[in-house]
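Scroll down for the structure; my scribbles are underneath it.
The values are calculated or read from the model by the stated rules, or taken from the named source; none is laboratory data. Worth saying up front: this structure is predicted, and the values here are computed from it rather than measured. Here the Cβ is made from the backbone with ideal geometry for all residues, glycine too, and neighbour counts use every protein chain on show.
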């Protein structure tokens, strides 16, 4: 009997992910027309047939839980509220529903399970934003609920994760500053406080090294403590650089306010770039050059991976990178 063709077989021949093949065959967004046609053509040539059970299962309605640490949710609209909304809209389009649980700092530290799982309210779980490894380990050991991480990953806990390409994005914005004539460039972000900040720092370092620059410790500026409790730790260096790479737009907006209070103008005196392309109106008085995170793409892939896991479909387990794009505005001056 001939071996049935799987999506992973098609993915291997085209050197793409199984998720890409799944999206293409289902006519979902996130795949170019050229690649979609290649995948469909190869699938037909190889004799791939979509399992009937999978088609039936995808018409089912699922309850998806989303947990996010409380320190990522502030009184005003934040990046994570926006990401949650994207996840919610994507789930609704897939005939599923979302329930949100905000994880308190005390429950996170004490590894108290979320009510969504204790009360068996959800079929699958999306963990949004960085959470302690000890908490993730508790979830893994005590619950078999299909789980996907969004906007973070944990190398100690093997689980599917969907993240923006923090390393490459920071590398791009730092290279942009060099292209504008800047050679004295600082980084703003507390290393090891989150995986994404550390990855963005490493992208900054790669650019500096390629341009023959040494890393200056006094130009690595904390913007929070490692426990994410205090966000008032930013201290300006004695010798000012000509430009700053910030780990996120919120930090960039705070930096610009502090620079203004110290008598510096942006971009006339100092240039600033951010990351995320997310600021609520009125927070920053300078149009910010940044690397935009593709929140819609991350939400779609995160929900799609979870649906595949809940219906017993194939997933290529690991970290899935979603590319963003560079946006040039008016926060950088050419030297």
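Miscellaneous remarks
- Flag for residue 112 being more than 22 Å from residue 157 (Cβ to Cβ) and over 17 Å from the mean Cα position of the chain (by Cα): no
- Candidates 68, 16, filtered to the one that is modelled with pLDDT of 85 or more and under 28 Å from the mean Cα position of the chain (by Cα): 68
- Residue within region 303-311 that is in contact (Cβ under 8 Å) with a residue 60 or more places away in the chain, assigned to a loop (DSSP other than H, G, I, E, B) and outside the structural domain of residue 222 (by TED's automatic domain parsing) present: yes
- Inclusion of residue 98 among residues that are under 26 Å from residue 291 (Cα atoms), at pLDDT 95 or above and under 21 Å from the mean Cα position of the chain (by Cα) is not warranted.
- Selected residue (criterion: modelled with the lowest pLDDT) from residues of region 27-65 that are under 30 Å from residue 113 (Cβ atoms) and not in a helix (DSSP H, G or I): 58
- Filter pass, residue 200 being touching a helix residue (DSSP H, G or I) at 6+ places or on another chain (Cβ under 7 Å) and modelled with pLDDT of 95 or more: yes
- Total residues in region 275-305, condition modelled with pLDDT of 90 or more, over 26 Å from residue 204 (Cβ atoms) and out of contact with any helix residue (DSSP H, G or I) (no Cβ under 9 Å at 6 or more places or on another chain): 0
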